[in-house]
Amino acid sequence: MPPNLPLNPKTLEFIQRRHKMLIGEQWLNAASGATMSVRNPATGEVLSEVPRAAKADVDSAVQAARQAFDDSPWSRMRPRERQNLLWRLADLMERDAEVLAEIECLNNGKSAQVARLMDVQLSIDFLRYMAGWATKIEGSCVDVSMPLMPDDQFHGFIRREAIGVVGAIVAWNFPLLLACWKLGPALATGCTVVLKPADETPLSALKLGELVLEAGYPAGVFNVVTGTGIEAGAALSHNPDVDKLTFTGSTEVGKQIGKAAMDNMTRVTLELGGKSPTLVLEDADLQQAAAGAASAIFFNQGQVCCAGSRLYVQRKHFDNVIADVANIANGMKLGNGLDPSVAMGPLISARQQKRVFGYIERSRELGATIACGGEQFGPGYFVKPTVLVDVDQRGPLVQEEIFGPVLVAMPFDDIDEAIRLANDNRYGLGASIWSNNLAAVHKMIPRIKSGSVWVNCHSALDPALPFGGYKMSGVGREMGAAAIEHYTELKSVLVRL
Ligand code: NAD
């Protein structure tokens, strides 16, 4: 790290620890003693070592979560107490917000400023929103007919109960926020959790574990196992004692997790990949649309599941909007996320950088034009913000998720064509429409096949709005009341009076 970038002493102390994982209320090494290195993507240097969990460690964590769910003070806790604990956890995160933001910056490469305002603040807001749900989980009463027993009286009702032990596996692009999207509804409803953070970004999950214990949660309510996907992640997804799996990551791994879940009839929510369109209509405020399109793809280095990675602009404005987006891209300062003047950090890993450059190389072979970017930067895993035009709608650049700061752009002639192009992709996570024609926009919204549609904004998420995908972008929803439904089971009760 450059010496001129100061770090909170608490962050430094945390990063330099020899980390252990959280099982029950104990901080443990892997039973095998194996560890794995965690890197700083801005420099490529090793930041920390964490335990590398194997099946035995995951099984212990699931057992701790099982015990806490079935028979512990947690299983007897009232909704108001669950609400208060979630508020306490959110307060502690607010107290340690700077440290959490710096950990996220060092481990993921993202800007510390952005991490503070987005990742950490949205996590806190989300937990507080979910705390409110703890006291609002309701069943219902049903007036039953029971035609075969006409002389008897019945009381029929439906209970909504916590689903049980939740196995949560998350990606590296928003490590803390994705963990909180799982943790919030689980703790509001009374579930217990085993979290497997991404191989690359385990540090904020370990810090979160510390805060959960400090908040006063009983042992085993939240467990964190650090390790690889193929070892610890697979062990968690195949464990028959897990009642629900909740996954955020690639569609390819999501399919494997879905299949593992079905073997045990484990409930499952999958938040997967995307290739979301940004549609700019001819009447849009073009300056606002160009700035919005640039931020839709370049925010978080393009490593956003719902990033606006396909830009479609009505033909007469295409060249102008592309020139504006390219100008914005060329003006972005790349560098270490601890530097507040930096607009774009590195990608998460050398592997991801190589993957993104693979697409850029391919774009040259496929005859695309690079309107800006396409180059490497610095010693870390940087890719300059890139815009590709002259691309083929049916080709890999437009159809596949690149998951980096690479925008593909095409013109369209009318709204029917815009809708057809927007829907012509296997993913369906989000889409944005940039226009001031209210009637046209409202006619378009039902025709777009995606879980979210934004108008004159992109990737704007709120705790109260369900988020998730159509098509290959996933199964189920996070956030809002929908999340509570996904963390509970219904039980029908019939009492003969
Ligand atoms: P990934 O699927 O490779 O890994 C995600 C998690 O799964 C990691 O914790 C990893 O260790 C684990 N894993 C890997 N193989 C596994 C296996 N065989 N069994 C069990 N677990 C396994 O994804 P990634 O590269 O870390 O993340 C990028 C992807 O995540 C992109 O496709 C992105 O769109 C998606 N994503 C989706 C959302 C959403 O809400 N829809 C949010 C963020 C990221």
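Observations on the model:
- Listed by first and then second residue, the pairs with beta-carbon distance under 8 Å, at least 6 apart or on different chains, first residue in region 466-480 and farther than 8 Å from residue 269 by Cα and open to solvent by less than 10 Å² (accessible area, probe 1.4 Å), second of a type in the set (A, V, I, L, M) and near the ligand (Cβ under 7 Å from one of its atoms), are 468/429; 469/272; 469/429; 473/272; 473/429.
- Of all residues in region 212-256 being farther than 28 Å from residue 26 by Cβ and in a helix (DSSP H, G or I), the one that is farthest from the ligand (Cβ to nearest atom): 255
- Residues of region 17-68 satisfying the condition of being open to solvent by 10 Å² or more (accessible area, probe 1.4 Å), farther than 30 Å from residue 381 by Cα and of a type in the set (A, V, I, L, M, F, W, C): 23, 27, 28, 31, 56, 64
- Restricting attention to region 209-236, the residues that are within 21 Å of residue 257 (Cα to Cα) and touching a Pro at 6+ places or on another chain (Cβ under 9 Å) total 4.
- Of the criteria (1) over 19 Å from residue 208 (Cα atoms); (2) not in a helix (DSSP H, G or I), which one residue 59 fails: (2)
- All conditions in (1) in a loop (DSSP other than H, G, I, E, B); (2) in contact (Cβ under 8 Å) with a residue 40 or more places away in the chain hold for residue 209, with the sole exception of (1).
- Some residue of region 398-416 being at positive phi and either hydroxyl-bearing (Ser, Thr, Tyr) or crowded, with 16+ Cβ neighbours inside 10 Å (or both): yes
- Test: residue 85 is more than 16 Å from the ligand (Cβ to nearest atom), under 20 Å from the mean Cα position of the chain (by Cα) and either touching a residue at least 24 places away in the same chain (Cβ under 8 Å) or farther than 30 Å from residue 56 by Cβ (or both): no
- Considering residues of region 257-274 that are within 8 Å of the ligand (Cβ to nearest atom) and assigned to a helix (DSSP H, G or I) only, the residue nearest to residue 246 (Cα to Cα): 257
- Residue list for region 191-211, filter: more than 10 Å from the ligand (Cβ to nearest atom) and open to solvent by 10 Å² or more (accessible area, probe 1.4 Å): 207, 210
- Those residues of region 183-197 which are hydrophobic (A, V, I, L, M, F, W, C), in contact (Cβ under 8 Å) with a residue 40 or more places away in the chain and farther than 20 Å from residue 87 by Cβ, in sequence order: 194
- Residue list for region 312-346, filter: of a type in the set (Gly, Ala, Ser) and in a loop (DSSP other than H, G, I, E, B): 331, 335, 337, 341, 343, 345
- Failed condition for residue 402, given (1) under 22 Å from residue 319 (Cα atoms); (2) among the β-branched types (Val, Ile, Thr); (3) within 22 Å of the chain's Cα centre (by Cα): (1)
- Filtered residue count, region 453-465, keeping only those that are touching a residue at least 60 places away in the same chain (Cβ under 8 Å) and either out of contact with any strand residue (DSSP E or B) (no Cβ under 7 Å at 6 or more places or on another chain) or closer than 18 Å to residue 289 by Cα (or both): 6
- Subset of region 322-345 (residues that are within 16 Å of residue 409 (Cα to Cα), of a type outside the set (Gly, Ala, Ser) and surrounded by 22 or more Cβ atoms within 10 Å (Cβ to Cβ)): 322, 325
- Residue check for residue 383: within 16 Å of the ligand (Cβ to nearest atom) and under 20 Å from the mean Cα position of the chain (by Cα): no
- Matching residues, region 451-488, being within 11 Å of the ligand (Cβ to nearest atom) and of a type in the set (S, T, N, Q): 452, 459, 473
- Note on region 348-402: among residues that are in contact with a Phe, Trp or Tyr (Cβ under 8 Å, 6 or more places away or on another chain) and over 19 Å from residue 252 (Cβ atoms), the one that is modelled with the lowest pLDDT is 376.
- Among (1) open to solvent by 40 Å² or more (accessible area, probe 1.4 Å); (2) within 16 Å of the ligand (Cβ to nearest atom); (3) of a type in the set (A, V, I, L, M, F, W, C), the one test that residue 348 misses: (1)
- Neighbours by Cβ (under 7 Å, 6+ apart or cross-chain): first from region 8-21, aromatic (Phe, Trp, Tyr); second in a helix (DSSP H, G or I): 14/99; 14/103; 14/207
- Within region 105-119, one or more residues are surrounded by fewer than 18 Cβ atoms within 10 Å (Cβ to Cβ) and free of Cβ contacts under 8 Å to residues at least 12 places away in the same chain.
Residue-wise test of (1) part of a helix (DSSP H, G or I); (2) surrounded by fewer than 13 Cβ atoms within 10 Å (Cβ to Cβ); (3) touching a Leu at 6+ places or on another chain (Cβ under 9 Å).
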site	(1), (2), (3)
127	yes, no, yes
130	yes, no, yes
138	no, yes, no
148	no, yes, no
156	no, no, yes
168	no, no, yes
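- In region 347-386, the residues that are touching a helix residue (DSSP H, G or I) at 6+ places or on another chain (Cβ under 7 Å) and either at positive phi or in a loop (DSSP other than H, G, I, E, B) (or both): 347, 348, 366, 368, 373, 374, 381, 385
The values are calculated or read from the model by the stated rules, or taken from the named source; none is laboratory data. Everything numeric here is computed off the predicted structure, so don't read it as measured data. Using ideal geometry, Cβ is built from the backbone for each residue, glycine included, and neighbour counts are taken over all protein chains shown. SASA here: full protein model, heavy atoms, side chains in, ligands and nucleic acids out. Shrake-Rupley method; radii C 1.70, N 1.55, O 1.52, S 1.80 Å.
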